[in-house]
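The structure under discussion appears below in the form of structure tokens.
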Amino acid sequence: MELSLTEIQDKLAQVEADRKALEAALKAQRAAELTDFANQLRNQIIERGYTVDDVFAVLTKGRRKASAKRRAGDYNRYVDPNNPERGYSRGPLPAWLREMMIAEGYDVADKAQREEFKANYLTQAA
């Protein structure tokens with residue numbers, strides 16, 4: 001049984017339509033089951049005398065703090081020794097730092113010179 005080009009294209013279009021319908025049904029079923037599961041969990045939590053917030057706090061304990069500590073500890077913070085309120089740790093150079101570098105003859109576009117400047121002219125904050 002040989003199919004014509006049009007018949008093959010029609011069958012492919014039908015298969016694609018069926019695939020999209022199945023994906024939509026799968027998505028709807030997963031959402032319904034997730035809602036049902038969440039309701040069951042909520043009921044168990046309440047039956048045991050806890051709140052959802054209590055359980056959530058235990059499940060997420062330490063995750064945010066660890067990532068915040070890791071991020072904060074990964075970068076050195078430098079301050080202007082003449083004005084400790086002006087600091088820099090990473091990202092675009094602040095205007096005050098650019099001005100200081102240029103005044104001392106450093107090229108702000110050169111990473112090696114930026115590092116040298118930070119080591120020689122800035123104080124590392126604790």
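The values are calculated or read from the model by the stated rules, or taken from the named source; none is laboratory data. Just so it is clear, the model here is predicted, and its values are computed rather than measured. Backbone-built Cβ (ideal geometry, glycine too); neighbour counts: all protein chains shown.
With the requirement that a residue be surrounded by fewer than 10 Cβ atoms within 10 Å (Cβ to Cβ), under 14 Å from residue 92 (Cα atoms) and of a type in the set (A, V, I, L, M, F, W, C), what does the range 105-121 give you?
109
Considering only residues that are in a strand (DSSP E or B) and in contact (Cβ under 8 Å) with a residue 12 or more places away in the chain, look in the range 85-123 and name the one that is nearest to the chain's Cα centre (by Cα).
The selected residue is 88.
Only residues in the range 2-19 that are modelled with pLDDT of 95 or more count as the first member; pair them with residues that are aliphatic (A, V, I, L, M), Cβ under 8 angstrom, at least 6 apart or cross-chain, and list the lot.
From residues that are modelled with pLDDT of 95 or more, the pairs are 11/3.
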